[in-house]
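No value in this document is a laboratory result; all are computed from the given coordinates. Every value quoted in this text rests on a predicted model; they were computed, and no experiment measured them. Positions of Cβ are backbone-derived with ideal geometry, glycine not excepted, and every protein chain shown enters the neighbour counts.
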Amino acid sequence: MTAFHPVPLQYASRLINHGPTVLVTSSDGSRRNVMAAAWSMPVEFTPPRIAIVIDKRTFTRELVAASGSFGICIPGAAAIDMTYAVGSATGRDVDKFAQFGIAAITGPELGLPLIEAGCSAWMECRLIPEAHTEDTYDTCFGEVVAAAADPRVFANGRWKFDAGNEALHTIHHLGGGNFVRSSSTIVAKPIG
Ligand SMILES: Cc1cc2nc3c(=O)[nH]c(=O)nc-3n(C[C@H](O)[C@H](O)[C@H](O)COP(=O)(O)O)c2cc1C
């Protein structure tokens, strides 16, 4: 059972607009996997499309190629240890969900494993095959076909970071297992 609320797809870009470290989930139907990724960004509002760098040596890349899909889960500050762990080991010979005690739900559109515990939001993405960018730059494009978020931190199409939901604030990798957490939301006012 999920406490997440669906995110209308016109707001999907906002989930990663500010550059959080994400978890990339994948499955080929018999095997599943999860890795960390710091390099992702939106590239189109409608239809919602994103780009993400997934190194060709990863097991994730193999499963993404096999299934034509990937999940993006956005960890909160409470999940930094798990995020760093799944970004520091390969799932080629071990199920990282089982190894690190990570609970997964099944995505509604593509059947991908998705993580809600410790996370603030997720997206299911259909791979947009682009052989050149995948081969040359390890950059994979995807169309977001489903999204949901924890309404305590993302509602009405916007993040709302405040002192009351710090465990759900997104995390941003500085390198070597050091992260910064999103701070409180500030709002620009008109000037001039
Ligand atoms: C915080 C963090 C961010 C990372 N960002 C990326 C990234 O953007 N792209 C990438 O290919 N690997 C990235 N990695 C490395 C992968 O997560 C790592 O190679 C992982 O072990 C691959 O797992 P797999 O072989 O099970 O797919 C990152 C690792 C960490 C810890």
Answer yes or no: is there a residue in segment 158-166 that is exposed (fewer than 12 other Cβ atoms within 10 Å of the Cβ) and either among the hydrophobic types (A, V, I, L, M, F, W, C) or farther than 22 Å from PHE45 by Cα (or both). yes
Out of the residues in segment 109-146 that are within 15 Å of ALA66 (Cα to Cα) and free of Cβ contacts under 8 Å to residues at least 40 places away in the same chain, state the one that is farthest from the chain's Cα centre (by Cα). ALA131
Please specify each residue of segment 62-81 satisfying the condition of being free of Cβ contacts under 8 Å to residues at least 40 places away in the same chain, within 11 Å of the ligand (Cβ to nearest atom) and among the aliphatic types (A, V, I, L, M). LEU63
Given the conditions (1) surrounded by 14 or more Cβ atoms within 10 Å (Cβ to Cβ); (2) without any contact (Cβ under 8 Å) to a residue 12 or more places away in the chain; (3) not acidic (Asp, Glu), report the number of the one that ALA98 does not fulfil. (1)
Which of the residues spanning segment 168-190 are loosely packed, with under 15 Cβ neighbours inside 10 Å and aliphatic (A, V, I, L, M)? LEU174, VAL180, ILE186, VAL187, ALA188
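A quick yes/no check of all residues on (1) out of contact with any Leu (no Cβ under 7 Å at 6 or more places or on another chain); (2) within 24 Å of ALA85 (Cβ to Cβ); (3) surrounded by 23 or more Cβ atoms within 10 Å (Cβ to Cβ):
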site	(1), (2), (3)
PHE4	yes, yes, no
ALA12	yes, no, yes
ARG31	no, yes, no
GLU44	yes, no, no
ARG49	yes, no, no
ARG57	yes, yes, no
GLY71	no, yes, yes
So SER26 ticks every box in (1) within 16 Å of the ligand (Cβ to nearest atom); (2) touching a Pro at 6+ places or on another chain (Cβ under 9 Å); (3) under 23 Å from PHE154 (Cα atoms) but one. Which box is left unticked? (3)
Inter-residue pairs, beta-carbon under 6 Å, first within 12 Å of the ligand (Cβ to nearest atom) and in segment 32-61, second part of a loop (DSSP other than H, G, I, E, B) and among the aliphatic types (A, V, I, L, M), 6+ apart: THR60/ILE54; ARG61/ILE54
